[in-house]
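Peer 1: Structure incoming, see below.
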Amino acid sequence: MSKGNGESCISRRSFLALGAGAAAATLFADPVEAAIHAMPERSLMLYNTHTGEQLRTTYWASGRYLPESIASASRLLRDHRSGDVHRMDPRVLDLMAAVQRKLGTKGPIHIISGYRSPATNAWLASISDGVACNSLHMQGKAVDIRVPGRSVREVGRAAMSLKAGGVGIYPASGFVHVDTGRVRRW
């Protein structure tokens with residue numbers, strides 16, 4: 001509609017429709033969220049390769065993260081060297097669930113490294129060039145994983161396709177690093 005003075009006028013219905021469209025476009029701006037949106041519940045099966053512990057948990061249901069399940073996952077993802085537990089970023093769990101969904105695998109994701117205490121990280125950085133001094137592992141925002149039956153390159157490609165954080169492929173060591181930091185790859 002025109003007001004006759006060069007300005008255009010939009011109806012309330014059109015305005016609301018535009019607003020709803022804009023909201024829908026931003027609703028799934030997070031690629032991991034978009035990849036797992038169809039899941040009414042978000043579940044993971046994890047296996048810690050250092051402790052032998054396994055966990056099957058539904059960590060998101062009824063539209064929210066479940067604190068007890070996040071705590072259970074954080075315990076399994078603890079620093080296996082020191083025993084220190086740190087609350088893991090739930091988006092790391094989302095990232096693993098999205099990778100698993102993308103790969104179509106049902107078995108447990110093998111955890112090589114989850115949280116690392118500052119002392120453990122400093123020690124690892126002193127003996128390896130591949131460990132960042134300010135690693136996101138120390139913030140509970142990174143995991144090193146292996147998916148049985150899938151190559152490291154397949155897992156890495158699946159994680160990279162999500163464009164949701166950092167992905168490092170370590171074929172010689174047999175794992176993929178994924179984190180919820182800025183999008184990058186190595």
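The values are calculated or read from the model by the stated rules, or taken from the named source; none is laboratory data. Keep in mind that this is a model prediction, so the values were computed, not measured. For neighbour counting, all protein chains shown are included, and Cβ atoms are generated from backbone atoms with ideal geometry for every residue, glycine included.
Peer 1: When you scan segment 121-178, how many residues do you find that are hydrophobic (A, V, I, L, M, F, W, C) and under 13 Å from Met96 (Cβ atoms)?
Peer 2: Counting residues in segment 121-178 that are hydrophobic (A, V, I, L, M, F, W, C) and under 13 Å from Met96 (Cβ atoms) gives 13.
Peer 1: Condition (residue is crowded, with 18+ Cβ neighbours inside 10 Å, out of contact with any strand residue (DSSP E or B) (no Cβ under 7 Å at 6 or more places or on another chain) and within 18 Å of Phe175 (Cα to Cα)) applied to segment 60-78: is it met by at least one residue?
Peer 2: Scanning segment 60-78 turns up at least one residue that is crowded, with 18+ Cβ neighbours inside 10 Å, out of contact with any strand residue (DSSP E or B) (no Cβ under 7 Å at 6 or more places or on another chain) and within 18 Å of Phe175 (Cα to Cα).
Peer 1: Okay, next question. Looking for whichever is over 22 Å from Ala119 (Cβ atoms) and either touching a Ser or Thr at 6+ places or on another chain (Cβ under 6 Å) or modelled with pLDDT of 95 or more (or both) here; the options are Arg91, Arg78, Arg87. Which one fits? Break it down into steps so the answer makes sense when it comes.
Peer 2: On the way: Arg78 fails: over 22 Å from Ala119 (Cβ atoms); Arg87 fails: over 22 Å from Ala119 (Cβ atoms).
None of the other options fit; the residue is Arg91.
Peer 1: Report the residue count in segment 100-132 for those that are modelled with pLDDT of 95 or more, over 19 Å from Ala73 (Cβ atoms) and touching a Leu at 6+ places or on another chain (Cβ under 8 Å).
Peer 2: 1
Peer 1: From the list Ala125, Ala119, Ala132, Ala98, exactly one residue is under 19 Å from Ala172 (Cα atoms), of a type in the set (Gly, Ala, Ser) and part of a helix (DSSP H, G or I). Which is it?
Peer 2: Just a single option satisfies the conditions, and that option is Ala125.
Peer 1: May I ask you to list the residues in segment 107-131 that are over 22 Å from Thr51 (Cβ atoms) and either in contact with a strand residue (DSSP E or B) (Cβ under 9 Å, 6 or more places away or on another chain) or among the acidic types (Asp, Glu) (or both)?
Peer 2: Asp129, Gly130
Peer 1: Can you tell me which condition Met160 does not meet? The list is (1) in contact with a helix residue (DSSP H, G or I) (Cβ under 9 Å, 6 or more places away or on another chain); (2) farther than 10 Å from Val176 by Cα, and all the others hold.
Peer 2: Met160 satisfies every listed condition except (1).
Peer 1: Only residues in segment 113-141 that are on the phi < 0 side of the Ramachandran plot and surrounded by 17 or more Cβ atoms within 10 Å (Cβ to Cβ) count as the first member; pair them with residues that are of a type in the set (Ser, Thr, Tyr) and part of a helix (DSSP H, G or I), Cβ under 9 angstrom, at least 6 apart or cross-chain, and list the lot.
Peer 2: Listed by first residue and then by second, the contacts come to Gly114/Ser74; Tyr115/Ser74; His137/Thr120; Met138/Thr120.
Peer 1: Going through Arg182, Arg153 one at a time, which residue ends up being modelled with pLDDT of 95 or more and in a helix (DSSP H, G or I)?
Peer 2: Arg153
Peer 1: So which residues in segment 156-172 are small (Gly, Ala, Ser) and either crowded, with 18+ Cβ neighbours inside 10 Å or not in a loop (DSSP other than H, G, I, E, B) (or both)?
Peer 2: Initially, segment 156-172 is screened for residues small (Gly, Ala, Ser), giving 156, 158-159, 161, 164-166, 168, 172.
Scanning segment 156-172 gives Gly156, Ala158, Ala159, Ser161, Ala164, Gly165, Gly166, Gly168.
Peer 1: Among the residues of segment 93-104, are any surrounded by fewer than 21 Cβ atoms within 10 Å (Cβ to Cβ) and β-branched (Val, Ile, Thr)?
Peer 2: Checking segment 93-104: not a single residue is surrounded by fewer than 21 Cβ atoms within 10 Å (Cβ to Cβ) and β-branched (Val, Ile, Thr).
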